[in-house]
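The structure appears right after this line, and notes come after that.
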Amino acid sequence: MNKLDENGNAVEGAILSLSGVDENGNYISLDETDIILGENASFALFDTDPDTTVPSISWSTGSSAVIIRSVQNGTYTLREIAAPEGYLLADDI
């Protein structure tokens, strides 16, 4: 996962947050072992989405994609918490 510009190039410095719920509606716990950071990416300081207080994991985008692995079945939301200067926030997916 990464933020891309209109030409398909990686955009560094966006703060993305991933949260999920299982089939029973329980929050899914995510941590640093579930993510392989891309080049120049780093974990953010949030352990909950600051807009919703939902447990999540957050990172700052780098020059290559972040890989999410070993996540349990459920429904996930990817949210951009902060966009780099000159960019708009992306819609949740």
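Taking each residue as 0.36 nm, the span from residue 63 to residue 88 lengthens on full extension beyond its C-alpha to C-alpha distance by 7.2 nm. Note on the chain: with neighbouring protein chains present and a 1.4 Å probe, carbon and sulfur make up 48 percent of its accessible heavy-atom surface.
Taking all protein chains together, 70, 17 sort by accessible area into 70, 17, largest first [probe 1.4 Å]. Residue 36 contributes an accessible area of around 70 Å² to the protein surface, as traced by a 1.4 Å probe with all chains present. Global dimensions of the chain from alpha-carbon coordinates: Rg and Dmax equal 12.8, 40 Å.
The values are calculated or read from the model by the stated rules, or taken from the named source; none is laboratory data. Predicted model only: the values in this text are computed from it and were never measured. We work out accessible area using only protein heavy atoms, side chains counted, and drop any ligands, DNA or RNA first. Shrake-Rupley method; radii C 1.70, N 1.55, O 1.52, S 1.80 Å.
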